[in-house]
Amino acid sequence: MEWDHGPAGYRRGAAGAVDDGSPAAASDAGPGRPVAARVRVARFVVRTLRGEWHGIVVDPVRRLLRRGLSGLSLAFVAGFGVILFHAIAQRPTGATAVRILGGVTADLPLWLALLRTPVSLYVPALDLPVWAGITQLFLAFALAELVLGRARTLLVSYATTLAGTLTVRVMIALGPGWCGFGLPPRIGQVLDTGPSAAVVGLFTYLAVVRRAPVVFTLTGGSMVWESIAEPNLAGREHLIAVSAAIVLGLFHGRASKVRQLGTALLSGAVPLPRHPIGMTLPVPVSSGRTDPSAPGVGRVPLHESPVDDCREPC
């Protein structure tokens, strides 16, 4: 029920509340909704940050206390490997040996680049401070090994690094242009080493798997800012590593389902429901047939085909 006595008159709604149009009445009804929305947003933020703190800090620390230093074996190997290759590369002979073992460039044959890529993770980049990168390297491999395990940590680090290496080859093959995606051929001689792509990929993968928006924003945002502030080959490879890690993270935990689906499709074994012989199922009947028990629906045994009983051409 509602009546109106003009702009300044009284108005009654369906709920029975009287609104005289005054600012006091509007203030009593209005602020409730924004406050409730802000409370819901605050609760969502608190739940998200609490879950991220538990997934990124609390749970790995518990696993470290349970497993001991053996849970950080990959982190120690990666850190000592970078320090060792950095020390060897300080002499001319050692630098040549390091380049032969782990130096990767885009103009190398593909098989040789694939062979050197695992070793290139331990070869520090020439334009990056090695001691600052070791801290990030140790933290990334330690956190990933505690959360993901050794095998998955190695797989993600190698896949993200290899994704950047192969994509650079595609960019060089396209040549300059292509809306800034292509690269000139001279980039193929730039030395492409260092664990930075693996570190970025591991942090991004962990952020996606553990649903950690803060870690994801810091990792992805810093890589985007790096590619804008200093556009170079490393910045592009870092963005590619972030993209590859996101794709791998979205498929985390779904490998068994994808494998089962692929096996079923390749073998052609599609599970079908089986019914015992003689069981009857309701089937639609043509308009010319009538069934006194169920109008329009007949009961036909499975061993008999309803098509054989058609009086009209089917």
Legend entry - Test: residue in the stretch 155-167 that is within 30 Å of Arg50 (Cβ to Cβ) and among the aliphatic types (A, V, I, L, M): yes
Inset, instruction - Spot the failing condition for Ser70; the list is (1) at pLDDT below 90; (2) in contact with a Phe, Trp or Tyr (Cβ under 8 Å, 6 or more places away or on another chain), and only one is missed. - result: (2)
Legend entry - Condition check for Leu121: over 17 Å from Ala207 (Cβ atoms), in contact with a Pro (Cβ under 9 Å, 6 or more places away or on another chain) and of a type in the set (A, V, I, L, M, F, W, C): yes
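Each row is one residue, and each column tells you yes or no for (1) surrounded by 12 or more Cβ atoms within 10 Å (Cβ to Cβ); (2) at pLDDT 85 or above; (3) in a helix (DSSP H, G or I).
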residue: Trp53; (1), (2), (3): yes, yes, yes
residue: Arg66; (1), (2), (3): no, yes, yes
residue: Leu74; (1), (2), (3): yes, yes, yes
residue: Gly81; (1), (2), (3): yes, yes, yes
residue: Val98; (1), (2), (3): yes, yes, yes
residue: Ala125; (1), (2), (3): yes, no, no
residue: Phe141; (1), (2), (3): yes, yes, yes
residue: Ala151; (1), (2), (3): no, yes, yes
Legend entry - Number of the condition not met by Ala113 [criteria: (1) farther than 16 Å from Val200 by Cβ; (2) of a type in the set (Gly, Ala, Ser); (3) assigned to a loop (DSSP other than H, G, I, E, B)]: (3)
Legend entry - Which listed residue, of Thr193, Thr153, Thr217, Thr167, is among the β-branched types (Val, Ile, Thr) and under 23 Å from Ala95 (Cα atoms): Thr193
Inset, instruction - Of the numbered conditions (1) crowded, with 21+ Cβ neighbours inside 10 Å; (2) part of a helix (DSSP H, G or I); (3) of a type in the set (Gly, Ala, Ser), Ala106 fails exactly one; give the number of that condition. - result: (2)
Inset, instruction - Run down Thr160, Thr135 and say which single residue is in a helix (DSSP H, G or I) and surrounded by fewer than 15 Cβ atoms within 10 Å (Cβ to Cβ). - result: Thr135
Legend entry - Unmet criterion (only one of (1) farther than 19 Å from Leu248 by Cβ; (2) surrounded by fewer than 18 Cβ atoms within 10 Å (Cβ to Cβ); (3) modelled with pLDDT under 90) for Pro118: (1)
Legend entry - the stretch 166-184 - residue that is in contact (Cβ under 8 Å) with a residue 60 or more places away in the chain and more than 12 Å from Ala244 (Cα to Cα) and, of those, surrounded by the fewest Cβ atoms within 10 Å (Cβ to Cβ): Arg169
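The values are calculated or read from the model by the stated rules, or taken from the named source; none is laboratory data. Values in this document were obtained by computation on a predicted structure and should not be read as measured data. Methodologically, a virtual Cβ is constructed for each residue, glycine included, from the backbone with ideal geometry; neighbour enumeration extends over all protein chains shown.
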